[in-house]
Amino acid sequence: MSRLPIIEPATAQAPAADLLAAVGKALGVTPNMTKVMANSPAVLKGYLEFSGALAGGKLSAKVREGIALTVAQENACDYCLSAHTHIATALAGLTPAEAEAARRAESADARTRAALQLAAALVRTRGDLDDADLKAAREAGLGDAEVAEVIANVALNVFTNYFNKAAAVDIDWPVVSHLS
């Protein structure tokens with residue numbers, strides 16, 4: 001059971017109501033994570049704006065979802081593994097095998113693999129990368145903008161991982177466990 005209240009869109013007060021309505025319109029559903037974030041409209045707005053900004057960057061939805069899966073696995077966040085497995089396979093175009101591989105920072109595509117391995121290294125080192133990690137990403141073809149976006153996507157996903165774990169947000173997606 002969630003440690004923070006779930007704010008239902010139908011009973012939410014402005015500005016949380018407007019933010020939750022926008023989430024529901026964009027996704028067709030309003031995930032529990034956003035309902036719990038709505039306890040602080042500033043938190044929900046910050047998450048939505050950061051996520052939206054990164055969606056307009058150089059990294060494709062497939063790569064961003066792969067990073068989300070890598071980070072969720074590293075942080076043992078079952079809410080995010082569940083959500084991003086569904087989003088990756090239902091919306092972003094990853095196959096179930098690709099989503100499973102992303103959890104291990106693996107991909108058949110060398111550039112994607114480099115992005116995922118950089119993401120895993122960022123989580124494991126808490127951002128204190130070795131020069132070799134960055135060199136490997138560059139040698140695989142990641143430019144400065146892509147490296148910056150990998151770092152930003154890791155930060156976004158660490159935020160949601162920590163939020164969902166700390167708040168014990170109820171999983172409202174088909175459940176995927178970090179143990180499987």
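The values are calculated or read from the model by the stated rules, or taken from the named source; none is laboratory data. Worth saying up front: this structure is predicted, and the values here are computed from it rather than measured. Quick reminder, even Gly has a Cβ in these numbers, built from the backbone with ideal geometry, and neighbours come from all protein chains shown. Keep in mind that these areas ignore ligands, DNA and RNA; they rest on the heavy atoms of the full protein, side chains included. Shrake-Rupley method; radii C 1.70, N 1.55, O 1.52, S 1.80 Å.
Figures for the structure shown
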| quantity | calculated |
| --- | --- |
| Accessible surface of region 1-42, 1.4 Å probe, proportion on carbon and sulfur as whole % | 61 percent |
| Straight-distance crosslink candidates among aspartates and glutamates, where the alpha carbon sits under 13 Å from LYS58 and sequence neighbours closer than 8 are dropped | ASP144, GLU146, GLU149 |
| Cleavage-rule hits, chymotrypsin sites (Phe, Trp or Tyr not before Pro), region 1-95, DSSP coil, Cβ neighbours within 10 Å at most 11 | none |
| Nitroxide proxy distance, nm - points 7 Å out along Cα→Cβ at ALA110 and ALA55 | 3.2 nm |
| Simple Cβ-charge dipole of the chain, Lys/Arg +1 and Asp/Glu -1, about Cα centre, in debye nearest 20 | 180 debye |
| Centroid-to-centroid separation of region 42-86 and region 1-20 [C-alpha atoms, Å] | 21 Å |
| Dipole axis of region 38-170 (+1 Lys, Arg; -1 Asp, Glu on Cβ), positive-most option in THR160, GLY127, PRO96 | THR160 |
| Cα point-scatterer Debye curve for the chain, base-10 log of I(q)/I(0) at q = 0.18, 0.19 Å⁻¹ | -1.15, -1.26 |
| Cα-based reach from LYS25 at 23 Å (exclusive), listing lysines while leaving out same-chain residues under 8 positions away | LYS35, LYS45, LYS62 |
| Heavy-atom accessible surface of region 56-180: percent carbon and sulfur, 1.4 Å | 55 percent |
| Projected area, mean over directions - region 102-159, Cα convex hull, nm² | 3.6 nm² |
| Estimated [θ] at 222 nm from DSSP helical runs (n ≥ 4, -39500 (n - 2.57)) normalised by residues in the chain, nearest 500 | -20500 deg cm²/dmol |
| Relative intensity, log₁₀ I(q)/I(0), of region 20-92 from a Debye sum that treats every alpha carbon as a point, q = 0.24 Å⁻¹ | -1.35 |
| GNM flexibility winner over the chain from THR11, THR30, THR112 (Cα, springs under 10 Å) | THR11 |
| Å² per residue, accessible surface of region 27-140 at 1.4 Å | 47 Å² |
